[in-house]
Amino acid sequence: MELEDLPGVGEATADRLRDAGFKTVESIAVATPGELKDAAGMGESIATRVINAARESLQMGFMTGIEVLEKRKTLRKITTGSSTLDELLGGGIETQAITEFFGEFGSGKTQLCHQLTVNVQLPEDKGGLEKTAFYIDTENTFRPERIIQMSEALDLDPMKILDNIVVARAYNSDHQMLLAEKAEDIIKEKNIGLIVVDSLTSHFRSDYTGRGMLSERQQKLNRHMHGLQRLSDIYNLAVIVTNQVMTRPDFFFGDPTAPIGGHIVGHSSTFRIYLRKSKGGKRVARLIDSPSLPEGEAIFSVIKDGVRD
Ligand code: GTP
Ligand code: MG
């Protein structure tokens with residue numbers, strides 16, 4: 001189905017929408033009327049009608065409880081390398097969901113991302129999916145040398161493991177969104193089981209500065225997250241995003257992890273895990289606001305071999 005198939009969308013409007021990044025009916029279905037208004041210069045009521053038509057054509061929204069249950073039976077989990085962290089997560093990182101690691105610099109977010117690109121390739125009885133990984137690297141911190149160390153520690157062929165990780169550098173927030181939108185072809189071709197976005201927020205922070213741009217930043221991020229959620233649903237894959245927050249040791253009241261610049265991800269992730277550094281190189285992971293798991297903490301470590309208890 002093409003954009004032109006939607007009622008009220010002619011060729012010229014479709015082109016304007018595509019230019020603004022709305023390339024698929026799905027992207028229209030998860031947009032807000034305000035976004036379409038800006039992108040295609042259409043009136044608010046027409047925008048609403050177009051969005052509703054897109055949603056209807058995709059039959060979004062309705063499933064019986066049994067259908068939801070059946071879909072959840074196909075859900076898989078990837079081990080993190082730490083049994084305590086896996087336990088906190090109810091068995092590992094879930095497919096059909098977005099898991100967000102947030103925490104200060106050096107808290108282990110990137111290390112976990114690296115470890116999971118290796119672990120997703122493990123056979124199912126070892127905690128993997130026997131699938132490959134797609135890594136969107138926004139801070140130039142992907143290190144093949146680390147993947148080699150982690151692979152060797154698991155007796156895996158490092159070159160094979162590296163060959164099964166597709167890495168894309170994202171140069172700004174629009175580029176980052178484009179990479180996620182284009183991921184679909186790679187997902188099918190390479191049998192991707194995990195998408196990593198490390199970091200989700202750094203480009204958005206620097207591309208949209210100042211109060212006046214907050215709502216635009218939030219809208220774009222929402223769209224990005226919806227796009228990732230949709231891929232995880234359709235292809236039964238796991239999505240991991242990272243988000244750096246500053247700890248505020250001087251802060252006695254309220255949330256000590258309040259990120260400077262505000263909570264820009266909000267609650268569009270299914271699982272949110274707050275990471276912090278602890279004594280002796282240990283890391284503490286805390287599960288926040290999970291839909292089905294109890295809140296709790298797990299202690300793990302990052303060593304030369306990778307993520308461990
Ligand atoms: P930012 O991206 O800056 O926000 O931090 P991050 O949360 O991504 O931190 P990252 O995952 O990069 O963690 C870096 C830390 O991991 C280092 O400070 C080390 O403590 C640990 N680490 C990384 N590589 C090694 C290694 O080869 N051996 C050991 N023992 N530790 C390592
Ligand atoms: Mg990092």
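The values are calculated or read from the model by the stated rules, or taken from the named source; none is laboratory data. These figures come from a predicted structure and were not determined experimentally. Ideal geometry is used to build each Cβ from the backbone, glycine not excepted, and the neighbour counts take in all protein chains shown.
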Which condition from (1) among the polar types (S, T, N, Q); (2) at pLDDT below 95; (3) in contact with a Leu (Cβ under 9 Å, 6 or more places away or on another chain) is the one that Q176 breaks?
(2)
Taking the stretch 90-112, which residues are within 16 Å of ligand 1 (Cβ to nearest atom), of a type in the set (A, V, I, L, M, F, W, C) and either surrounded by fewer than 24 Cβ atoms within 10 Å (Cβ to Cβ) or not in a helix (DSSP H, G or I) (or both)?
I93, F101, F102, F105
Only one of G108, G90, G127 is among the small types (G, A, S), in contact with a Lys or Arg (Cβ under 6 Å, 6 or more places away or on another chain) and either more than 19 Å from A168 (Cβ to Cβ) or assigned by TED's automatic domain parsing to the domain that holds L293 (or both). Can you tell me which?
G108
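Regarding the stretch 141-157, can at least one residue be identified that is within 22 Å of N236 (Cα to Cα) and surrounded by 22 or more Cβ atoms within 10 Å (Cβ to Cβ)? Can you show your working first?
Within the stretch 141-157, the first condition is being within 22 Å of N236 (Cα to Cα), and the residues that meet it are none.
Among the residues of the stretch 141-157, not one is within 22 Å of N236 (Cα to Cα) and surrounded by 22 or more Cβ atoms within 10 Å (Cβ to Cβ), which makes the answer no.
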Odd one out for E181 among (1) modelled with pLDDT under 95; (2) touching a Phe, Trp or Tyr at 6+ places or on another chain (Cβ under 8 Å); (3) among the acidic types (D, E):
(2)
Pick out the one residue from L122, L116, L112 that is of a type outside the set (F, W, Y), away from ligand 2 (no atom under 11 Å from the Cβ) and closer than 21 Å to H224 by Cβ.
L116
Which residue is farthest from the chain's Cα centre (by Cα), if the candidates are limited to the stretch 128-142 and must be under 24 Å from S83 (Cα atoms) and assigned to a loop (DSSP other than H, G, I, E, B)?
E130
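Could we say that H203 is assigned to a helix (DSSP H, G or I), within 16 Å of ligand 2 (Cβ to nearest atom) and over 23 Å from G128 (Cβ atoms) here? Working first, answer last.
Details: assigned to a helix (DSSP H, G or I): yes; within 16 Å of ligand 2 (Cβ to nearest atom): yes; over 23 Å from G128 (Cβ atoms): yes.
Yes; evaluated as a whole, the condition is true for this residue.
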I want to confirm something. Restricting to the stretch 186-200 and keeping residues that are within 12 Å of ligand 1 (Cβ to nearest atom) and assigned to a strand (DSSP E or B), which single residue is nearest to R230 (Cα to Cα)?
V196
Filter the stretch 113-132 for residues that are closer than 18 Å to N191 by Cβ and either within 16 Å of ligand 1 (Cβ to nearest atom) or in contact with a Cys (Cβ under 7 Å, 6 or more places away or on another chain) (or both) and give the result.
L116, T117, V118, N119
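Quick grid of which residues meet (1) surrounded by fewer than 20 Cβ atoms within 10 Å (Cβ to Cβ); (2) at pLDDT 90 or above; (3) under 22 Å from the mean Cα position of the chain (by Cα):
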{"site": "L231", "(1), (2), (3)": "no, yes, yes"}
{"site": "T247", "(1), (2), (3)": "yes, no, no"}
{"site": "A258", "(1), (2), (3)": "yes, no, yes"}
{"site": "H263", "(1), (2), (3)": "yes, no, yes"}
{"site": "K277", "(1), (2), (3)": "yes, yes, no"}
{"site": "S292", "(1), (2), (3)": "yes, no, yes"}
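Suppose we filter the stretch 65-83 for residues that are of a type in the set (V, I, T) and surrounded by 16 or more Cβ atoms within 10 Å (Cβ to Cβ); how many remain? Don't jump to the end; show me each part of the working.
In the first step, residues of the stretch 65-83 are kept if they are of a type in the set (V, I, T); the result is 66, 68, 74, 78-80.
Then keep just the ones that are surrounded by 16 or more Cβ atoms within 10 Å (Cβ to Cβ); that gives 78-80.
Of the residues in the stretch 65-83, 3 are of a type in the set (V, I, T) and surrounded by 16 or more Cβ atoms within 10 Å (Cβ to Cβ).
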Of everything in the stretch 294-309 that's in contact with a helix residue (DSSP H, G or I) (Cβ under 7 Å, 6 or more places away or on another chain) and hydrophobic (A, V, I, L, M, F, W, C), which residue is nearest to ligand 1 (Cβ to nearest atom)?
V302
For the stretch 189-226, which positions are aliphatic (A, V, I, L, M) and over 19 Å from the mean Cα position of the chain (by Cα)?
M213, L214
